[in-house]
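The values are calculated or read from the model by the stated rules, or taken from the named source; none is laboratory data. Quick caveat, the model's predicted, so the values are computed rather than measured. Quick reminder, even Gly has a Cβ in these numbers, built from the backbone with ideal geometry, and neighbours come from all protein chains shown.
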Amino acid sequence: MPSSWHALYPALALIPPALLTIYYYTHFPAAPKTLEIYPSLKDASLSDEARKRVEEIYPEDIYEGGAWFDTPYGKTRYWLVGPEQGKKVVLIHGISTPSIIWKDTVSALSAEGYRVLVYDLYGRGYSDAPATTYTPALYATQLATLMQHIKWEKAIIAGVSMGGGVATAFHHWFPHLVDGKVILICSVGLVQPGDFSYKFKFTSSPLYQATWNSLPGRAYLRSIADSESHPDPVTELANIQYAYLKGYNPSIASSLRDGPVCGLSYAFKSLAASNKDVLIIWGTEDDSVPYKYAGIINTLIPRSKLVTVEGGGHDLTIERPEEVNRALIEFLEAK
């Protein structure tokens with residue numbers, strides 16, 4: 001009996017390569033998969049109540065000069081505000097709140113004669129959400145192609161929270177598009193994992209994503225979003241996005257795992273080695289990105305200036321807009 005089995009060994013050895021050959025000829029070359037793109041607040045199916053609240057809190061025309069830019073990753077919503085001949089400034093929002101976070105700053109800068117570009121990052125607000133990995137390169141390329149679309153050769157770049165990480169990564173890959181100055185407000189990019197709140201860690205976990213993206217989970221989120229208005233409109237807008245935008249949760253989770261939140265030391269070193277002037281604005285009571293990172297970035301970048309907002313939290317552009325805007329304008333006007 002053993003000898004008969006031995007005689008079969010050569011034939012058995014041929015089975016795996018034969019199966020691989022069959023698989024290869026039946027599956028290759030395969031057509032590339034189409035990238036799935038989830039809709040934004042504009043095209044998503046919202047309840048009547050949710051749609052009404054969105055139009056009250058964050059209407060599509062919240063700023064003048066609104067337009068759409070079609071990309072391979074979906075539509076990007078952007079606005080151009082201020083005199084066309086003004087000095088150009090780009091404002092990049094953070095991880096969860098779209099461009100409503102810049103409302104007071106857009107008004108202040110445009111009133112001073114600046115030409116302001118403000119836009120929604122992929123997966124937030126009125127920009128579509130591609131079903132992909134949300135890397136620093138994705139965000140940097142979104143801005144680079146947007147600037148090409150509106151025919152801006154360069155601009156001053158400002159980012160708040162994750163927008164600061166996007167701004168720093170953008171400068172690393174596209175320094176020729178940055179017009180001499182970078183502004184970082186409560187910026188991520190160098191945050192150590194141990195400094196992340198448990199909320200952020202849990203939000204990016206597969207368990208959290210599976211729970212809230214399931215049918216029961218989304219039904220529960222929608223019941224909350226539709227039940228009553230929240231006293232904080234920014235929080236209410238986030239609740240509506242969580243409940244109704246299929247790509248919102250994954251975009252945040254991927255940004256926390258794969259995006260410009262940590263691991264950007266290479267980009268900050270690139271900024272430090274450049275001739276760009278950098279303004280750093282930070283609140284001493286920031287519970288999302290600890291104030292110690294203001295000092296770390298300030299020490300790392302020789303040509304940086306730190307403005308400390310005593311008692312300020314993380315959402316400085318909303319909670320302390322006068323101080324932020326004053327610091328911005330002084331920095332922008334300095335020679």
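Name the residues in the stretch 109-137 that are among the aliphatic types (A, V, I, L, M) and crowded, with 23+ Cβ neighbours inside 10 Å, would you? Selection gives 109, 116, 117, 118, 121, 129. Taken over the stretch 242-258, the residue count meeting the criterion of being part of a helix (DSSP H, G or I) and either β-branched (Val, Ile, Thr) or in contact with a Pro (Cβ under 8 Å, 6 or more places away or on another chain) (or both) is 1. With respect to the conditions (1) surrounded by 14 or more Cβ atoms within 10 Å (Cβ to Cβ); (2) at pLDDT 95 or above, residue 330 lacks only one, and its number is (1).
When residues in the stretch 99-111 are screened for being under 10 Å from residue 89 (Cβ atoms) and out of contact with any Gly (no Cβ under 7 Å at 6 or more places or on another chain), 2 of them pass.
Of all the numbered requirements in (1) in a loop (DSSP other than H, G, I, E, B); (2) surrounded by fewer than 17 Cβ atoms within 10 Å (Cβ to Cβ); (3) modelled with pLDDT under 95, residue 285 misses one, and that requirement is (3). In the stretch 265-282, the residue that is nearest to residue 194 (Cα to Cα) out of those that are in a helix (DSSP H, G or I) and among the hydroxyl-bearing types (Ser, Thr, Tyr) is 265. Looking only at the stretch 288-317, filter to residues that are assigned to a helix (DSSP H, G or I) and surrounded by fewer than 20 Cβ atoms within 10 Å (Cβ to Cβ); which one of those is farthest from the chain's Cα centre (by Cα)? The selected residue is 299. Of the residues making up the stretch 301-335, those that are in contact with a helix residue (DSSP H, G or I) (Cβ under 6 Å, 6 or more places away or on another chain), free of Cβ contacts under 8 Å to residues at least 40 places away in the same chain and either more than 21 Å from residue 105 (Cα to Cα) or among the polar types (S, T, N, Q) (or both) are 301, 304. Selection over the stretch 148-170 of residues that are surrounded by 22 or more Cβ atoms within 10 Å (Cβ to Cβ), assigned to a helix (DSSP H, G or I) and not hydroxyl-bearing (Ser, Thr, Tyr) gives a count of 8.
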